[in-house]
Amino acid sequence: MPDAACLDARPYDALLLLSFGGPEGPDDVVPFLENVTRGRGIPTERLKEVGQHYFLFGGVSPINDQNRALLDALRKDFAEHGLGLPVYWGNRNWAPYLTDTLREMVTDGHRRILVLATSAYASYSGCRQYRENLAESLAALEAEGRELPEIDKLRHYFNHPGFVRPMVDGVLKSLADLPEDVRDGAHIAFSTHSIPTAAADTSGPVAEHGDGGAYVKQHLDVARLIADAVREETGVDHPWQLVYQSRSGAPHIPWLEPDICDHLEERHGAGVPAVVMAPIGFVSDHMEVLYDLDTEATDKAAELGLPVRRSATVGADPRFAAAVRELILERAAAESGREVTPCALGALGASHDLCPVGCCPARAPRPAAAGADSPYA
């Protein structure tokens, strides 16, 4: 058992797992998509078309069950290591809703809350939008006359060993599962969610803005880490590329490319004998992974006659739960003025604790909590 001082989470008194949310039955699909697209004026008929991905899986997104599994893993890890920090769960777009969860936490007496978002990288949709949702919920509680908690968000964990190592093992397992005659020549397609290039270019702190911004830089750093680890453990230097999936929105707006299906076609044309699809941009096997990779991309590969395997996401891996505990203790130590050495792999180092002004800006600025520009500091 580690020294008690190492398990001191003060000044924090609770952890909030903050996620996207997803429908849990056919009747939930359109209302869920209405929540996701609120304010964009998208007709119900169009939402029903978009919802076909969910209806293929019985109208159920796997993300909520995966968050329940992560909650269990976090609570188990905390209990085993003597970290007495209660863990709550709230979603942006479906029950349990963020505002309801924060209200519960305040009612339970929590006043210093740490937030773990189920997005590991810097971007508007993966960080600032969560911070905007936190500000909206705090405004709602303020309107109810409730005492507001102080909220901080854990730093981006894309390069923490507890996030990277499970993905290394996933790629190694997928390679081993390929037929032996194509294994050594297999290409690795590291996949993440495509976003508009304008959003990518302004992701991260202002100093990191530019071509692809922090979003692309961070994913490339993780891809290199995994590819290097695979080479060290197999003795094979597999070619690789960062690719994108799950594009949405108006076709005239540029998004990050290449798309995974286009990439499979191009690699097959170049004579690649097999591909491992590694979804490094996703914490768990939610709908984008199940449909865009396991269904659409896998069908494309079958059409091409190209052997493919899809490696596992981190999910509720105990090493990821341990990483969250380490991130909590790291942030608590920093907040308490204790010396701390952040844990990070790769060339980029540990990300910032506090999102600075201008970090991952929106086209229409809105208040965002847990950052240098927070109205609830």
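So which residues in region 320-347 are under 20 Å from residue 214 (Cα atoms) and over 18 Å from the mean Cα position of the chain (by Cα)?
Those that are under 20 Å from residue 214 (Cα atoms) and over 18 Å from the mean Cα position of the chain (by Cα): 342, 343, 346, 347.
Is at least one residue of region 266-274 touching a Phe, Trp or Tyr at 6+ places or on another chain (Cβ under 8 Å), over 24 Å from residue 344 (Cβ atoms) and open to solvent by 30 Å² or more (accessible area, probe 1.4 Å)?
Filtering region 266-274 for residues touching a Phe, Trp or Tyr at 6+ places or on another chain (Cβ under 8 Å) gives none.
For region 266-274, residues touching a Phe, Trp or Tyr at 6+ places or on another chain (Cβ under 8 Å), over 24 Å from residue 344 (Cβ atoms) and open to solvent by 30 Å² or more (accessible area, probe 1.4 Å): absent.
Confirm whether residue 282 is touching a Pro at 6+ places or on another chain (Cβ under 9 Å), of a type outside the set (Asp, Glu) and at pLDDT 95 or above.
no
Just need a number here: residues in region 170-201 that are open to solvent by 20 Å² or more (accessible area, probe 1.4 Å), farther than 20 Å from residue 118 by Cβ and under 21 Å from the mean Cα position of the chain (by Cα).
So the answer is 4.
Can you list the helices (runs of 4 or more DSSP H) found entirely within region 162-244 that contain at least 1 residues being farther than 25 Å from residue 257 by Cα and of a type in the set (Lys, Arg)? Spell out the reasoning first.
Values: elements: 180-183, 197-201, 213-234.
Qualifying helices (runs of 4 or more DSSP H): 180-183, 213-234.
When region 306-325 is examined, which residues are found to be in a loop (DSSP other than H, G, I, E, B) and over 21 Å from residue 230 (Cα atoms)? Outline the logic, then answer.
Residues of region 306-325 in a loop (DSSP other than H, G, I, E, B): 306-307, 311-317.
Hits for region 306-325 are 306, 316.
Picking from 277, 287, which residue would you name as being at pLDDT below 95 and surrounded by 18 or more Cβ atoms within 10 Å (Cβ to Cβ)?
Details: 277 fails: at pLDDT below 95.
When all the criteria are applied, what remains is 287.
With the structure loaded, tell me whether residue 303 is among the acidic types (Asp, Glu), out of contact with any Cys (no Cβ under 9 Å at 6 or more places or on another chain) and either assigned to a helix (DSSP H, G or I) or surrounded by 18 or more Cβ atoms within 10 Å (Cβ to Cβ) (or both) or whether it fails that test.
Values: among the acidic types (Asp, Glu): yes; out of contact with any Cys (no Cβ under 9 Å at 6 or more places or on another chain): yes; either assigned to a helix (DSSP H, G or I) or surrounded by 18 or more Cβ atoms within 10 Å (Cβ to Cβ) (or both): yes.
So residue 303 passes the test.
Residue by residue through region 290-300, note down the ones that are under 19 Å from residue 186 (Cβ atoms) and buried (at least 21 other Cβ atoms within 10 Å of the Cβ).
Those that are under 19 Å from residue 186 (Cβ atoms) and buried (at least 21 other Cβ atoms within 10 Å of the Cβ): 293, 297.
If only one of 58, 21, 39 is open to solvent by 70 Å² or more (accessible area, probe 1.4 Å) and not aliphatic (A, V, I, L, M), which one is it?
Details: 58 fails: open to solvent by 70 Å² or more (accessible area, probe 1.4 Å); 21 fails: open to solvent by 70 Å² or more (accessible area, probe 1.4 Å).
Matching residue, one of 58, 21, 39: 39.
What are the residue pairs meeting all of these: first residue in region 358-372, first residue open to solvent by less than 10 Å² (accessible area, probe 1.4 Å), second residue among the polar types (S, T, N, Q), Cβ atoms under 8 Å, and 6 or more apart or on different chains?
Close Cβ pairs satisfying both conditions: 360/123; 360/202; 360/203; 368/374.
Do we have residue 44 as polar (S, T, N, Q) and open to solvent by 40 Å² or more (accessible area, probe 1.4 Å) here? Write out each step before concluding.
Details: polar (S, T, N, Q): yes; open to solvent by 40 Å² or more (accessible area, probe 1.4 Å): yes.
Judged against the criteria, residue 44 is a match.
Looking at region 124-135, which of the residues that are over 10 Å from residue 362 (Cα atoms) and small (Gly, Ala, Ser) is nearest to the chain's Cα centre (by Cα)?
The qualifying residue nearest to the chain's Cα centre (by Cα) is 126.
Every residue, every condition in (1) surrounded by fewer than 23 Cβ atoms within 10 Å (Cβ to Cβ); (2) without any contact (Cβ under 8 Å) to a residue 40 or more places away in the chain; (3) more than 21 Å from residue 164 (Cα to Cα); (4) among the β-branched types (Val, Ile, Thr), yes or no:
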position	(1), (2), (3), (4)
68	yes, yes, yes, no
77	yes, no, no, no
86	yes, no, yes, no
91	no, no, yes, no
99	yes, no, yes, yes
111	yes, no, yes, no
130	no, no, yes, no
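Among the candidates 214, 250, 223, single out the residue that is over 12 Å from residue 192 (Cβ atoms) and in contact (Cβ under 8 Å) with a residue 40 or more places away in the chain.
Checking each option against the conditions leaves just 214.
Quick one: would you say residue 247 is at pLDDT below 95 and charged (D, E, K, R)?
Numbers: at pLDDT below 95: yes; charged (D, E, K, R): yes.
For residue 247, the condition - at pLDDT below 95 and charged (D, E, K, R) - is met.
Sort through 321, 347, 332 and tell me the only one that's among the aliphatic types (A, V, I, L, M) and surrounded by fewer than 16 Cβ atoms within 10 Å (Cβ to Cβ).
Working: 321 fails: surrounded by fewer than 16 Cβ atoms within 10 Å (Cβ to Cβ); 332 fails: surrounded by fewer than 16 Cβ atoms within 10 Å (Cβ to Cβ).
Answer to the selection: 347.
What pairs can you find where one residue is in region 264-293 and over 22 Å from residue 227 (Cα atoms), the other is open to solvent by 20 Å² or more (accessible area, probe 1.4 Å) and part of a helix (DSSP H, G or I), and their Cβ atoms are less than 8 Å apart, with a gap of 6+ or different chains?
Close Cβ pairs satisfying both conditions: 286/66; 287/53; 287/54; 291/53.
The values are calculated or read from the model by the stated rules, or taken from the named source; none is laboratory data. Quick caveat, the model's predicted, so the values are computed rather than measured. Note: ideal-geometry Cβ built from the backbone for every residue, glycine included; neighbour counts use all protein chains shown. Calculation scope for accessible area: heavy atoms of the full protein, side chains included, ligands and nucleic acids excluded. Shrake-Rupley method; radii C 1.70, N 1.55, O 1.52, S 1.80 Å.
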